[in-house]
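Heads up, the thing below is written out as structure tokens.
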Amino acid sequence: MFFVGKKARLQNTHYLHRSQCEILPDIHARITLEATKIEQALVEAQNYFDVVKPCALCILQKQTASPSRKAAL
Ligand SMILES: [Zn+2]
């Protein structure tokens, strides 16, 4: 299951997350998507927001800690 945050981050970007993400927005601050694949989820999220990027923590799954985490926040 995928979610997109309602609140824009840098450069009006909205982030796409998986349900287990540690920075997943609060239930009131996210939209639950029907898509089951990342590609579909991105397309679906773009129905709501112009700029959508996959979260660096839960989707890009970079193993290194702080820089990508700060970018996702
Ligand atoms: Zn995430």
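The values are calculated or read from the model by the stated rules, or taken from the named source; none is laboratory data. Everything numeric in this text was worked out from a predicted model, so none of it was measured. For neighbour counting, all protein chains shown are included, and Cβ atoms are generated from backbone atoms with ideal geometry for every residue, glycine included.
If the requirement is being at pLDDT below 95, touching a helix residue (DSSP H, G or I) at 6+ places or on another chain (Cβ under 9 Å), assigned to a helix (DSSP H, G or I) and not hydroxyl-bearing (Ser, Thr, Tyr), which of these qualifies: 71, 56?
Exactly one residue qualifies, and that residue is 71.
Do you know which of the residues in the stretch 25-57 that are aliphatic (A, V, I, L, M) and touching a Ser or Thr at 6+ places or on another chain (Cβ under 8 Å) is farthest from the ligand (Cβ to nearest atom)?
Checked the stretch 25-57; the qualifying residue farthest from the ligand (Cβ to nearest atom) is 51.
Would you please list the contacts, defined by Cβ atoms under 6 Å and residues six or more apart or on different chains, that run from a residue in the stretch 26-45 that is of a type outside the set (Ser, Thr, Tyr) to a residue that is surrounded by 13 or more Cβ atoms within 10 Å (Cβ to Cβ) and part of a helix (DSSP H, G or I)?
33/41; 33/44; 35/41; 35/44
I'm trying to understand the selection: among the residues of the stretch 5-24, which are within 10 Å of the ligand (Cβ to nearest atom) and within 17 Å of residue 51 (Cα to Cα)?
Within the stretch 5-24, 5, 15, 16, 17 meet the criteria.
Give the residues of the stretch 1-27 that are farther than 13 Å from residue 57 by Cα and of a type in the set (A, V, I, L, M, F, W, C), sorted by residue number.
1, 2, 3, 4, 8, 10, 27
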